[in-house]
Amino acid sequence: AILPLLRSDGLTWSIQHLSNVGSTNDTIRQLAEQCAPEGTVVIAEEQTNGKGRMNRTFYSPKHAGIYMSLLLRPKIPLQQATFITTAAAVAAAQAIQSVTDAKVGIKWVNDLYYNNRKICGILTEAAIDIEDGGLRYAILGIGINISPPQDGFPENLRTIAGSLLQQPGTNNIRVKIIAAFLNRFGSYYSHLSDKTFMSEYRARSIVLGKQVQVLLKDGPNPALVTDIDDHANLHVQYADGSNQVLASGEISIRLGEF
């Protein structure tokens, strides 16, 4: 159902559809080590150990969402790997809106929000070539909550997570969103260094100009987000007037403030 909707001007995608996996990222990693080609995609109906950032899990109940991972073999310096995540966030937001008309916002650096709830998480993992410091391959994992879980979200997610639809969706919606995402991401990825997605990334940001909590090792520190530059770095200003540029890390924002 997905393949006929894919354009031929981007990457060539090879899709594997599985019923149940621990993690699509882990499955793709196994395929990568077996020399699977760039463009290999694993889509699962359910993950029992979905992976999120900071060693968190991504709740992935059966038939309720899109859980997929892409194998990439980019010829880029390691420091540009962030653009994979950034381009994926824009492609996912655009794909969702093109299919459902839902206006989706991006929380730096890799979460998508709709109706004040997180509906999508993106995790990019990489294998490094020790000799030249480049990438052997990158794994792009994306999870999108399409429908409410049958038994609801776990207690620890009920004030954070949401779904794109309020009622159970159809496979047709998932198919269309997956195809739209692969088409858009493939186009961005083919010209990654051009960073044509950054203006859209900023336009969809839910943190620009907002007060956030920068989560530091010694605790959260309130700050004002002043900019997101062309390298996807977050510029913040603390209450004491000092400024910092964040290339990675995590921030929190109060729900309802965007």
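The values are calculated or read from the model by the stated rules, or taken from the named source; none is laboratory data. A quick note: this is a predicted structure, and the numbers were derived from the prediction, not measured. With ideal geometry, Cβ positions are generated from the backbone for all residues, glycine too; neighbour counts draw on all protein chains shown. The area values use the complete protein model at the heavy-atom level, side chains included, leaving out ligands, DNA and RNA. Shrake-Rupley method; radii C 1.70, N 1.55, O 1.52, S 1.80 Å.
Condition test on Arg202, is it buried (at least 20 other Cβ atoms within 10 Å of the Cβ) and of a type outside the set (Val, Ile, Thr)?
Values: buried (at least 20 other Cβ atoms within 10 Å of the Cβ): no; of a type outside the set (Val, Ile, Thr): yes.
Here the answer is no, as Arg202 does not meet what is asked.
What tally of residues in segment 145-188 results from selecting those that are more than 30 Å from Ser8 (Cβ to Cβ) and among the basic types (Lys, Arg)?
Of the residues in segment 145-188, 1 are more than 30 Å from Ser8 (Cβ to Cβ) and among the basic types (Lys, Arg).
Output yes when any residue across segment 87-101 is of a type in the set (A, V, I, L, M), outside any helix (DSSP H, G or I), under 21 Å from Thr12 (Cβ atoms) and at pLDDT 90 or above, and no when none is.
Among the residues of segment 87-101, not one is of a type in the set (A, V, I, L, M), outside any helix (DSSP H, G or I), under 21 Å from Thr12 (Cβ atoms) and at pLDDT 90 or above, which makes the answer no.
Determine which member of the set Leu224, Leu164 is of a type outside the set (Gly, Ala, Ser) and within 28 Å of His63 (Cβ to Cβ). First the steps, then the outcome.
Numbers: Leu224 fails: within 28 Å of His63 (Cβ to Cβ).
Of Leu224, Leu164, the one residue that is of a type outside the set (Gly, Ala, Ser) and within 28 Å of His63 (Cβ to Cβ) is Leu164.
Output the number of residues of segment 1-31 satisfying the condition of being outside any loop (DSSP other than H, G, I, E, B), under 23 Å from Val109 (Cβ atoms) and of a type in the set (A, V, I, L, M, F, W, C). Working first, answer last.
The first filter runs over segment 1-31 and keeps only residues outside any loop (DSSP other than H, G, I, E, B), leaving 3-5, 14-21, 24-31.
After this cut, where a residue has to be under 23 Å from Val109 (Cβ atoms) as well, the list is 24-26, 28-29.
Now narrow it down to the ones that are of a type in the set (A, V, I, L, M, F, W, C): 28.
Matching residues across segment 1-31 total 1.
Which of the residues belonging to segment 65-79 are open to solvent by 10 Å² or more (accessible area, probe 1.4 Å) and not in a loop (DSSP other than H, G, I, E, B)?
Residues satisfying the conditions are Leu78, Gln79.
I'd like to know if segment 189-203 contains one or more residues that are at negative phi, touching a Phe, Trp or Tyr at 6+ places or on another chain (Cβ under 6 Å) and aromatic (Phe, Trp, Tyr). Spell out the reasoning first.
Initial filter on segment 189-203 (at negative phi): 189-194, 196-203.
Retained after the next criterion (residues that are touching a Phe, Trp or Tyr at 6+ places or on another chain (Cβ under 6 Å)): 192, 197.
Retained after the next criterion (residues that are aromatic (Phe, Trp, Tyr)): 197.
Yes, segment 189-203 contains at least one residue that is at negative phi, touching a Phe, Trp or Tyr at 6+ places or on another chain (Cβ under 6 Å) and aromatic (Phe, Trp, Tyr).
Can you name the residue in segment 160-170 that is surrounded by 11 or more Cβ atoms within 10 Å (Cβ to Cβ) and more than 18 Å from the chain's Cα centre (by Cα) and is also nearest to Gly105 (Cα to Cα) among such residues? Walk me through it before giving the result.
We begin by selecting, within segment 160-170, every residue surrounded by 11 or more Cβ atoms within 10 Å (Cβ to Cβ); these are 160-165, 168-170.
From what's left, more than 18 Å from the chain's Cα centre (by Cα): 165, 168-170.
Values: Leu165: 16, Pro168: 22, Gly169: 21, Thr170: 23 Å.
Result: Leu165.
For segment 33-50, give me the residue count where each residue is over 20 Å from the mean Cα position of the chain (by Cα) and touching a residue at least 24 places away in the same chain (Cβ under 8 Å).
Here is the first cut: in segment 33-50, the ones over 20 Å from the mean Cα position of the chain (by Cα) are 33-37.
Then drop every residue that is not touching a residue at least 24 places away in the same chain (Cβ under 8 Å), which leaves 36-37.
Total satisfying the criteria: 2.
From the list Thr82, Thr100, exactly one residue is surrounded by 15 or more Cβ atoms within 10 Å (Cβ to Cβ) and touching a His at 6+ places or on another chain (Cβ under 8 Å). Which is it?
Details: Thr100 fails: touching a His at 6+ places or on another chain (Cβ under 8 Å).
Unique residue meeting the criteria: Thr82.
Using beta carbons and a limit of 6 Å, which pairs, at least six apart or on different chains, have the first residue in segment 116-144 and farther than 20 Å from Lys51 by Cα and the second one at pLDDT 90 or above and part of a loop (DSSP other than H, G, I, E, B)?
Leu135/Pro74
Counting only residues that are touching a residue at least 12 places away in the same chain (Cβ under 8 Å) and farther than 20 Å from Gln79 by Cβ, how many does segment 217-235 have? Reasoning before the result, please.
Step one: filter segment 217-235 for residues touching a residue at least 12 places away in the same chain (Cβ under 8 Å), giving 220-234.
Pick out the ones that are also farther than 20 Å from Gln79 by Cβ and you get 220-226.
Matching residues across segment 217-235 total 7.
If you go through segment 210-230, how many residues are surrounded by 15 or more Cβ atoms within 10 Å (Cβ to Cβ) and outside any strand (DSSP E or B)?
Result for segment 210-230: 1.
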